[in-house]
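The values are calculated or read from the model by the stated rules, or taken from the named source; none is laboratory data. Keep in mind that this is a model prediction, so the values were computed, not measured. Cβ placement follows ideal geometry from the backbone for every residue including glycine, while neighbour counts extend to all protein chains displayed. Only protein heavy atoms, including side chains, enter the accessible area calculation; ligands, DNA and RNA are left aside. Shrake-Rupley method; radii C 1.70, N 1.55, O 1.52, S 1.80 Å.
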Amino acid sequence: MTLRREERRKPSACLRGLVTCGVLGGLLAAMAALPLVGTVGLTANKVTTALIDLPPSPREDPLSQRTVLLDRRGKQFAQFYKQNRTLVKLDQVAPVMRDAIVAIEDARFYEHAGLDIKGTLRALVTNTQAGEVRQGGSSLTQQLVKNILVENSESDNERDQARAPSIQRKITELRYALAMEKKYSKAEILERYLNIAYFGAGAFGVEAAAQRFFSIPASKLSLSQAATLAGAVRAPYSTDPSLGKQRRERLRERRDIVLDRMAQLSYAPQPKVAAAKRRPLNIHLKPEPGGCAESAYPYFCLYVHRELLTNPAFGPSRPERERRLARGGLVLHTTLDPQDQRAAQRAISSRVGRRDTQVAAEAMVEPGTGRIRALAASKKYGRDSGKDNNGPSTTFNLPVDVAHGGGQGFQAGSTFKVFTLATALSKGWRFDDGFMTPGMFVPRQGFTNCNGRKVNAPTAKIFNASGEGSGGPQSIYTGTWKSVNIFYMMLEQRVGLCSVVKTAKALGIARADGTPLREVPTFTLGVNEMDPLTVAAAFAAFGARGRYCRPMAIMDIIERDGTRVAVRPGCKRAIERDVADAVNHVLSGVFTKGTMTGQDIGRDAAGKTGTNNGYTSAWFAGYTPDLAAAVSVGDIRGSYKHPLTGVQIGDEYYGAVQGASLPGPIWVSSMTRALRDVSPASFHHPDMGRFGGGFTPGMKEALEAERREDEEEGRGDDGRAHRVAGRRKHMGQRG
């Protein structure tokens, strides 16, 4: 027991108030203080009865341990814990450590049955003469009981009661100690004590303490090191070596007290003790980072942590999941691929600076499983110092949704056109089907949400982005490749807004902030705020031929007892295979004939750019059969107040950031690196009998006019390609 500072200076006062000082332990406290016991309503008879009618030993909940995160190759990249502890067997603890703790805390441990009357009397005399606690008054078993009761406490009030300096608590503690002595052998009790005790510097248990203080396992502790740890147990906060020189000096004093006691009890020969006392502590504090901020991959670590707390697969209720995480002791094999993670981070960091207010984020997902391969962002995870509102760090998990620690997200822009495309193809539209489009469109009729309510916007005016033209014939092919806003608004009207929304939801689309999707006419233009992970998982479903899989970060869990529990992917059929193949075919043209012409990754790929009205944000989402990724760019201070126009990002100046001008190159660079060791895979050819052909009024005439224009200018095919490139330059790769 630890005396308060003022009590250490007043040994006479301590003698007059044995109970309140808390020096005497167990039965001695009850016996020696019987006159005082009576004043609190207890009698010697009651004390005797309490010590004869013993309860069962205290409930022993599993001790809190570290939870370790491994990447898909089995390498640790993070850990988090409520208590930094690694359980060990007694034979994994150096014998000198066992001797040291017994010598200083309970020299008669192997002789008594839970209460050492002689030892308690000796401790009383020694501590009173010294004016401080130099030897323990409670047996090791009693201390173990106290630690168990504190560990089992679920509230601050319960913990205070478990530590209260009262005679009632001491008697309860003693009763449990006697019961434990009946239940366990001395070796089992010592093992439990060494694993539960707190040694300071954030180290719980002897193994964590040996690693933290000396960077060695408990099995390798020397005489001096063992005495140091044994000395720390009594007052772990005042001897914490991580808190400065004064605390280390106090720890050295405690070490020497332990060494002297070991010599006195013949646990160590005097010459060795003398030599050990001459040595410095030689503390080599080993960093034991806990939490995600110090992880090499903090955003992925944060996602895992939130997933354990929010996903019912890891416990039926939030309190149960919190208890499981607090207990720890788990080994989590995650889906993180370090090569993909590095590829994403390098691609972002080479183009967007940490101090830029514009932020880029990317998520990579494996088609067909939903396994998250990478989560990266342009800012470092953590808090900025002082009043720095534009620092290099953020506490938002930028690649993911609010439920997993992310922000509000950015409007996804034209990436949402893919859901209208898939809906149209599923309803029988063919690649060359289309219609005449005007130069302006007003959604005054024909839009009904999934609640059956008309959501027309008769005052809204929709224009094409620059480069999309003022109107004319557009087909599924051309409307997608050019990302024509009016064409897609009209297509959504024809296939049904609710049908498009249902397609998006089937592909896992949900707003980043967790609120219901905005089912409005401009749904297809991406007015909903999204996070990269949700978008990447949706696009991954096309790469998996229509099989959507919920994003997953944990492949299997090794429980505390060594049991391995596999986490199964949560997949479902979202759209038909043939429809997915057709979508892949159309979106592949974005790289060869559309907004991403000239940018490719040297293998089959499909994707969609996204640039929002007013350049409030920019996206690119794309995929291969092996990997999908989505990249977002926006201003962290607020996308509406701070559009992406006239901005310096990284080393480049942008008149306006568009889907193909910054997110696109990040995607290309990251995917190229991530897939460099993966053999190219091809998309399935679409069923041309079902999707080929079609008719767009005026398209034939428009193409013929374009051909004649080329001939008149004498440019032929090369000239036409040059003119298309010129148009792309004019449209600024908008889409």
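Picking from A343, A360, A347, A313, which residue would you name as being under 20 Å from L644 (Cβ atoms) and either modelled with pLDDT under 95 or in a helix (DSSP H, G or I) (or both)? Only one candidate passes the filter, namely A347.
Assessment of the range 554-570 against the conditions (farther than 29 Å from G434 by Cβ, hydrophobic (A, V, I, L, M, F, W, C) and in contact with a Cys (Cβ under 9 Å, 6 or more places away or on another chain)) yields no matching residue.
Scanning the range 171-196 for residues that are surrounded by fewer than 24 Cβ atoms within 10 Å (Cβ to Cβ), among the hydrophobic types (A, V, I, L, M, F, W, C) and out of contact with any Ser or Thr (no Cβ under 9 Å at 6 or more places or on another chain) yields I171, A187, L190, I196. The lone criterion from (1) at pLDDT below 90; (2) open to solvent by 50 Å² or more (accessible area, probe 1.4 Å); (3) touching a Gly at 6+ places or on another chain (Cβ under 7 Å) left unmet by E288 is number (2).
The number of residues in the range 678-735 that are in a helix (DSSP H, G or I), modelled with pLDDT of 95 or more and open to solvent by 50 Å² or more (accessible area, probe 1.4 Å) comes to 3.
Do we have any residue at all in the range 163-170 that's open to solvent by less than 30 Å² (accessible area, probe 1.4 Å), in contact with a strand residue (DSSP E or B) (Cβ under 9 Å, 6 or more places away or on another chain) and more than 23 Å from E111 (Cβ to Cβ)? No, there is no match, as no residue in the range 163-170 is open to solvent by less than 30 Å² (accessible area, probe 1.4 Å), in contact with a strand residue (DSSP E or B) (Cβ under 9 Å, 6 or more places away or on another chain) and more than 23 Å from E111 (Cβ to Cβ).
Quick check: anything in the range 277-299 out of contact with any His (no Cβ under 9 Å at 6 or more places or on another chain), assigned to a helix (DSSP H, G or I) and closer than 30 Å to E362 by Cα? Scanning the range 277-299, I find at least one residue that is out of contact with any His (no Cβ under 9 Å at 6 or more places or on another chain), assigned to a helix (DSSP H, G or I) and closer than 30 Å to E362 by Cα, so the answer is yes. The residues on offer are E492, E559, and the sole one that is modelled with pLDDT of 95 or more and among the acidic types (D, E) is E492.
Applying a threshold of 7 Å to beta carbon distances and a minimum spacing of six or more residues, or different chains, the list of pairs starting in the range 142-159 at a residue that is more than 19 Å from L178 (Cα to Cα) and of a type in the set (G, A, S) and ending at one that is outside any helix (DSSP H, G or I) and open to solvent by 40 Å² or more (accessible area, probe 1.4 Å) is empty. If the condition is being without any contact (Cβ under 8 Å) to a residue 24 or more places away in the chain and in contact with a strand residue (DSSP E or B) (Cβ under 9 Å, 6 or more places away or on another chain), then the range 668-700 contributes only K700. Taking the range 58-98 as the region of interest, how many residues are polar (S, T, N, Q), surrounded by fewer than 19 Cβ atoms within 10 Å (Cβ to Cβ) and in contact (Cβ under 8 Å) with a residue 60 or more places away in the chain? Here the count works out to 1. Number of residues in the range 637-677 that are assigned to a loop (DSSP other than H, G, I, E, B) and touching a helix residue (DSSP H, G or I) at 6+ places or on another chain (Cβ under 8 Å) equals 7.
Scan the range 628-643 and report the pairs whose first residue is surrounded by fewer than 24 Cβ atoms within 10 Å (Cβ to Cβ) and whose second residue is of a type in the set (V, I, T) and modelled with pLDDT of 95 or more, with Cβ atoms within less than 7 Å and a gap of 6+ or a chain change. Correct list of pairs: I636/V359.
Is it the case that D91 is in contact with a Leu (Cβ under 9 Å, 6 or more places away or on another chain) and modelled with pLDDT of 85 or more? Spelling it out, it is not the case that D91 is in contact with a Leu (Cβ under 9 Å, 6 or more places away or on another chain) and modelled with pLDDT of 85 or more.
Inspect the range 388-404 for any residue being in a loop (DSSP other than H, G, I, E, B), at pLDDT below 95 and hydrophobic (A, V, I, L, M, F, W, C) and give the result as yes or no. Yes, the conditions are met somewhere in the range 388-404. The single condition among (1) in contact (Cβ under 8 Å) with a residue 24 or more places away in the chain; (2) polar (S, T, N, Q); (3) open to solvent by less than 20 Å² (accessible area, probe 1.4 Å) that S222 does not satisfy is (3). D513: over 28 Å from T478 (Cα atoms), among the charged types (D, E, K, R) and touching a helix residue (DSSP H, G or I) at 6+ places or on another chain (Cβ under 7 Å), yes or no? Yes: the conditions hold for D513.
All told, T611 falls short of being of a type in the set (S, T, N, Q) and more than 25 Å from L662 (Cβ to Cβ). Only one entry of G368, G329 meets the criterion of being at pLDDT below 95, outside any strand (DSSP E or B) and surrounded by 16 or more Cβ atoms within 10 Å (Cβ to Cβ), and that entry is G329.
Of the set (1) under 22 Å from F523 (Cβ atoms); (2) touching a helix residue (DSSP H, G or I) at 6+ places or on another chain (Cβ under 8 Å); (3) modelled with pLDDT of 95 or more; (4) open to solvent by 10 Å² or more (accessible area, probe 1.4 Å), all apply to A424 but (4).
Let's see how each residue does on (1) in contact with a Leu (Cβ under 7 Å, 6 or more places away or on another chain); (2) of a type in the set (G, A, S):
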position: P269; (1), (2): no, no
position: V273; (1), (2): yes, no
position: Y299; (1), (2): yes, no
position: V304; (1), (2): yes, no
position: A313; (1), (2): no, yes
position: R323; (1), (2): no, no
position: A360; (1), (2): no, yes
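Can we say L302 is under 13 Å from the mean Cα position of the chain (by Cα), open to solvent by 10 Å² or more (accessible area, probe 1.4 Å) and under 30 Å from L87 (Cβ atoms)?
So L302 passes the test.
For every residue, the table says whether it meets (1) open to solvent by 10 Å² or more (accessible area, probe 1.4 Å); (2) closer than 17 Å to I636 by Cβ; (3) among the basic types (K, R).
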residue	(1), (2), (3)
G353	yes, yes, no
D356	yes, yes, no
R373	yes, no, yes
A376	no, yes, no
G391	no, yes, no
N397	no, yes, no
V402	yes, yes, no
F410	yes, yes, no
S414	no, no, no
